Amino acid sequence: MSDVVDAQPITSPTRAPSVASEPVWPIPSSLSPSRVSAFTSCPMQFRFSSVQRLPEPPGVATTRGSVVHRALELLFELAPPERTPAALTGMLDRALEEYATDADYVGLRLDEAGATSFRSDCDRLIEKYFDMEDPTKVRDIGLEVRMAADVGSLELRGIIDRLELDDNGDLVVTDYKTGRAPSGRYEQKSLAGVHFYSFLCEAVLGKRPAKIRLMYLSNGETIETIPSQQSVRFINTRTTAVWKAVERACTTGDFRPNQSRLCDWCSFKQWCPAFGGDPDLAATEAVAAHEALVADGARAS
């Protein structure tokens, strides 16, 4: 899924929050499910990635997920009888060709062995897919569906991997996942994003999905839930509350770090005050580091 936040990158503010007469940082006018999750996980990381919109070095897992998502999107552009394992392998070839010059792939700086391993991992994911469902029987009505709905002055936005109809003609939202499936205690949290999409379907299409699904291609597990009026209303309430907190943080400049195990994978850890970093240096240093990374990857390829 794509992260969408409408805020233009600016240089670090020099005005102290206590005397600011205007917001220290531009206040987003829209939020996506992943950005809501990002802010609740760590406001400081949200500032770097979604308010300042600083570039992050590409990761193998993230880029692999994007490539596999693209291959599946291409598969469902075919007529149902043509959606075969061989066809998906061909679509993976095409997706890899498309990403060959993409900064997210080039920046990985993969050598020959690394590129082979990357392809092998993609192959395993698409092979697992056919153990999970028969794509020739899927009644898809939309791929990578962009939706947006207003909640007060805030626009909620998201992209649904696949929207389809079940045997009763009701809507089903399907979201592909290439990472590890969550344990039982985190299952409901993992469904928060697709609950968000059920809210968008009801707001835009006037119809709440009968089912929302997460398909974990890494192990063949599917998590399903039935959205209710209460769950949709909760998304509205929760997102509004998160946006109020984002608005307050942008106004005061107070984005506090929240240390957790996720810090080990954070692209901005070196500038985080929780680890002795200077967040004001990120605006220049993160951009320079990213440009150098992409340039080195381009030369290596």
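Coupling constants for the stretch 115-123 follow from the phi torsions by the Karplus curve (6.51 cos²θ - 1.76 cosθ + 1.60, θ = phi - 60°), and in residue order they are 5, 5, 5, 4, 5, 4, 5, 5, 4 Hz; glycine and proline get x.
Taking GluC sites (Glu not before Pro) as exposed when their DSSP state is a loop state and no more than 15 other Cβ atoms lie within 10 Å, the longest site-free interval of the chain runs over 134-301.
Quick one: go through the stretch 94-114 and flag any residue whose amide nitrogen is under 17 Å from the point 7 Å out along the Cα-to-Cβ line of Ala61. Taking a point 7 Å out along Cα→Cβ of Ala61, the residues of the stretch 94-114 whose backbone N falls under 17 Å are 108. Counting lysine pairs in the chain whose alpha carbons fall under 23 angstrom apart, excluding pairs fewer than 8 residues apart on the same chain, gives 10.
For the chain, DSSP calls about 70 percent of its internal beta bridges antiparallel.
Here the Karplus relation 6.51 cos²θ - 1.76 cosθ + 1.60, evaluated at θ = phi - 60°, turns the backbone of the stretch 56-72 into coupling constants of 10, x, x, x, 4, 5, 5, 5, 4, x, 5, 5, 5, 4, 5, 4, 5 Hz, with x for every Gly and Pro.
Among [x] 1.06; [y] 0.95; [z] 1.40, which one is Cα Rg over 2.2 N^0.38 Å computed from these coordinates? The calculated read-out lines up with [x]. What does the charge add up to near Asn219, with Lys and Arg as +1, Asp and Glu as -1, over the other residues with Cβ less than 9 Å from its Cβ? Local net charge: +1.
Report in % the part of the accessible area of the chain that belongs to carbon and sulfur, leaving out ligands and nucleic acids; probe 1.4 Å. Here carbon and sulfur together make up 49 percent of the probe-accessible area. Note that the stretch 41-52 has calculated 3J(HN,Hα) couplings of 6, 6, x, 5, 5, 4, 4, 4, 8, 10, 9, 6 Hz, one per residue in order, obtained from phi through the Karplus relation 6.51 cos²θ - 1.76 cosθ + 1.60 (θ = phi - 60°); glycine and proline are x. The simple spin-label model puts a point 7 Å past each Cα toward its Cβ; for Lys244 and Arg146 those points are separated by 3.1 nm. Accessible area of Met91 (1.4 Å probe, protein heavy atoms only, ligands and nucleic acids ignored): about 30 Å².
Database remark: amide H of Thr225 closer than 5 angstrom to the amide H of Ile212 (H placed geometrically; neighbours at sequence offset of 5 or more, or on other chains; Pro and chain starts carry no H). Ranked by solvent-accessible area (1.4 Å probe, protein heavy atoms only, all chains present), the residues Asp167, Asp264, Asp175, Asp121 order from largest to smallest as Asp167, Asp264, Asp121, Asp175.
Across the protein chains, with a 1.4 Å probe defining accessible surface, the residues Thr116, Thr84, Thr174 rank Thr116, Thr84, Thr174 from largest area downward.
The values are calculated or read from the model by the stated rules, or taken from the named source; none is laboratory data. Just so it is clear, the structure is predicted and the values come from calculations on it, not from any experiment. Note that we place each Cβ from the backbone using ideal geometry, even for glycine, and neighbour counts take in every protein chain shown. Just so you know, the surface numbers come from the protein's heavy atoms only, side chains and all, with ligands and any DNA or RNA stripped out. Shrake-Rupley method; radii C 1.70, N 1.55, O 1.52, S 1.80 Å.
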